[in-house]
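Enquirer: So that we are looking at the same thing, I have put the structure below in structure tokens.
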Amino acid sequence: ESPGALQGKHVVITAGPTREAIDPVRYLSNYSSGKMGYALATAAQAAGARVTLISGPVQLSTPSGVQRIDVITADDMLKATQAVTDMDVFIGCAAVADFRPASMASQKMKKQHGEDSLQLSLVKNPDILAWVAKQSPKPFCVGFAAETQNLDHYAKDKMQRKNLDMIIANDVSNTNIGFNSDHNAVTVFWQNNKKHLEAQSKQSIATEVIGFIAQQTTSQPEE
Ligand code: C5P
């Protein structure tokens, strides 16, 4: 892609995991490293976009020129997203916890003598990407999908159900890539297009994906 393909566009990206508090010292979370979202932020910035990165807790440094907003919970991530008024492109790359504890204990939960199990009651978290895709005007919305089977079918179904413009299906069949890895392999779907990106660095996957997004969101003639 030519540099400046996203000149003048505001790209908003969620990245990393969320943490959902159980009590003051414990939480529910997942293994998301945030690397794919940070790579997308770097690539979008390099393509000339103004980039806002809404990030869960990760061990990564902020890409230069990118505005980073740190959040902890899914609710915080939704609020930070809702506070952004002028997005042209939204990429939901965060591994948002699907559920959170129904309530947070105000004190550290104590082990109960004689009790061998504990019931934790969970409630569903808001779907941030689905919220953005319901807005009007609607930004160009990009989602991720991790599927272990019938990848095409489930990815396209998710794209339709969540009203997305593009979906990136992680190839989770290869256990050497994904999660904390610096590499990934994905299949990207939009409209009637499908592009498989072989195993390569997350940074080069990100550059390709940003190129596809630029093609779809700018009025330049398409190839
Ligand atoms: O439905 P599923 O969780 O598989 O969808 C994944 C996509 O939706 C990802 O792009 C993820 O960032 C986004 N998502 C979200 N908020 C949620 C759950 C998922 O933005 N609560």
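Enquirer: If you check ASN170 against the conditions, is it surrounded by 14 or more Cβ atoms within 10 Å (Cβ to Cβ), within 16 Å of the ligand (Cβ to nearest atom) and in a strand (DSSP E or B)?
Expert: Here the answer is yes, as ASN170 does meet what is asked.
Enquirer: With ARG50, ARG26, ARG19 as the choices, which residue is surrounded by fewer than 18 Cβ atoms within 10 Å (Cβ to Cβ) and away from the ligand (no atom under 13 Å from the Cβ)?
Expert: Going through ARG50, ARG26, ARG19 in turn, just one is surrounded by fewer than 18 Cβ atoms within 10 Å (Cβ to Cβ) and away from the ligand (no atom under 13 Å from the Cβ): ARG26.
Enquirer: Sticking with this structure for a sec: Could you look through region 86-119, keep only residues that are under 22 Å from LEU164 (Cβ atoms) and more than 16 Å from the ligand (Cβ to nearest atom), and pick out the one that is farthest from the chain's Cα centre (by Cα)?
Expert: ASP86
Enquirer: When region 120-132 is examined, which residues are found to be away from the ligand (no atom under 12 Å from the Cβ) and either in a loop (DSSP other than H, G, I, E, B) or of a type in the set (Asp, Glu) (or both)?
Expert: LEU120, SER121
Enquirer: Hey, does region 133-145 have a residue that's farther than 24 Å from VAL58 by Cα, near the ligand (Cβ under 10 Å from one of its atoms) and either in contact with a Pro (Cβ under 8 Å, 6 or more places away or on another chain) or not hydroxyl-bearing (Ser, Thr, Tyr) (or both)? Quick ask: steps written out before the conclusion?
Expert: Step one: of region 133-145, the residues farther than 24 Å from VAL58 by Cα are 133-140.
Pick out the ones that are also near the ligand (Cβ under 10 Å from one of its atoms) and you get 133.
From what's left, either in contact with a Pro (Cβ under 8 Å, 6 or more places away or on another chain) or not hydroxyl-bearing (Ser, Thr, Tyr) (or both): 133.
Checked region 133-145: at least one residue is farther than 24 Å from VAL58 by Cα, near the ligand (Cβ under 10 Å from one of its atoms) and either in contact with a Pro (Cβ under 8 Å, 6 or more places away or on another chain) or not hydroxyl-bearing (Ser, Thr, Tyr) (or both).
Enquirer: In region 70-85, which residue that is away from the ligand (no atom under 15 Å from the Cβ) and at pLDDT 95 or above is nearest to ALA214 (Cα to Cα)?
Expert: Within region 70-85, the match that is nearest to ALA214 (Cα to Cα) is ALA83.
Enquirer: Suppose we keep only residues that are more than 26 Å from LEU28 (Cα to Cα) and among the aliphatic types (A, V, I, L, M) within region 100-154. Which one would you say is surrounded by the fewest Cβ atoms within 10 Å (Cβ to Cβ)?
Expert: LEU151
The values are calculated or read from the model by the stated rules, or taken from the named source; none is laboratory data. Treat the numbers as computed from the prediction; the structure is a model and nothing was measured. A quick note on method: Cβ atoms are made from the backbone with ideal geometry, for glycine too, and the neighbour counts reach across all protein chains shown.
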